[in-house]
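Have a look at the structure below before the remarks.
The values are calculated or read from the model by the stated rules, or taken from the named source; none is laboratory data. All values reported here derive from a predicted model rather than from experimental measurement. Don't worry about glycine lacking a Cβ; one is built from the backbone with ideal geometry, like all the others, and counts go over all protein chains shown.
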Amino acid sequence: MARDLRPPVFRFYPTEEELLAFYLPNKLEGQRDDLHRVIPVVNVYEHEPWQLPEKAGELCNKDTEQWFFFVPKQEKEVLGGKPSRTTTSGYWKATGSPTHVYSSTSKVIGLKRTMVFYQGKSSKGKKTKWKMNEYRAIKEELDVTNTFSIPKLRNELSLCRVYVVSGKIRAFDRRPLGVI
């Protein structure tokens, strides 16, 4: 019987810490030219959610559960306004309050906002299974007068994880529960 010698399939399942401690800071600082292969820059609000999987990075576009995008700050936000989260067929609605994302050393490294896509107009929209987690990085700045760090939200670029609610408890975590 011949053995299958094909390489294993690449699956991109980063943790929130990896997203906020590696991918987003490297993109913000322009330190990695190859990040677009995994996470491209796409204004997700210009597309319907079901169009986004085909816009995913070349290393992740075959994924059927989740897709990642760097999203530039909108011109309205630059001028101090609220971002427009509407598409042709619906809108992204924020659910709950933004929450902090912590590193493995219990340090706040970013902010996460969860949104749900609704089809239709704002007051009469129908909730869909499309969701998005929007991550924003926090940059600590040292206060020279008091020598402590002041966290500042980096707004020029966010990182979004777009996914379809699967109904499974461990939707994003495909690692084995125990040793096999």
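Summary table
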{"read-out": "Residue match in the stretch 94-106 (condition: touching a Lys or Arg at 6+ places or on another chain (Cβ under 7 Å), closer than 23 Å to Tyr13 by Cα and not polar (S, T, N, Q))", "value": "yes"}
{"read-out": "Scan of the stretch 105-132 for residues that are basic (Lys, Arg) and under 16 Å from Tyr163 (Cβ atoms), ordered by number", "value": "Lys112, Arg113, Lys127, Lys129, Lys131"}
{"read-out": "Pick from the stretch 1-33, criterion over 18 Å from Leu111 (Cα atoms) and among the small types (Gly, Ala, Ser), ranking: modelled with the highest pLDDT", "value": "Gly30"}
{"read-out": "Residues that are aliphatic (A, V, I, L, M) and within 20 Å of the chain's Cα centre (by Cα), drawn from the stretch 79-135", "value": "Ala94, Val101, Val108, Ile109, Leu111, Met115, Val116, Met132"}
{"read-out": "The stretch 137-178, residues that are more than 23 Å from Trp50 (Cα to Cα), at pLDDT 65 or above and either in contact with a Phe, Trp or Tyr (Cβ under 6 Å, 6 or more places away or on another chain) or of a type in the set (Lys, Arg) (or both)", "value": "Lys139, Lys152, Arg154"}
{"read-out": "Checklist (1) of a type outside the set (Ser, Thr, Tyr); (2) loosely packed, with under 14 Cβ neighbours inside 10 Å; (3) not in a strand (DSSP E or B) applied to Cys60, failing item", "value": "(2)"}
{"read-out": "Subset of the stretch 27-57 that is in a loop (DSSP other than H, G, I, E, B) and β-branched (Val, Ile, Thr) - its residue that is surrounded by the fewest Cβ atoms within 10 Å (Cβ to Cβ)", "value": "Val38"}
{"read-out": "Every residue from the stretch 59-104 that is more than 15 Å from Val162 (Cα to Cα), aliphatic (A, V, I, L, M) and modelled with pLDDT of 80 or more", "value": "Val101"}
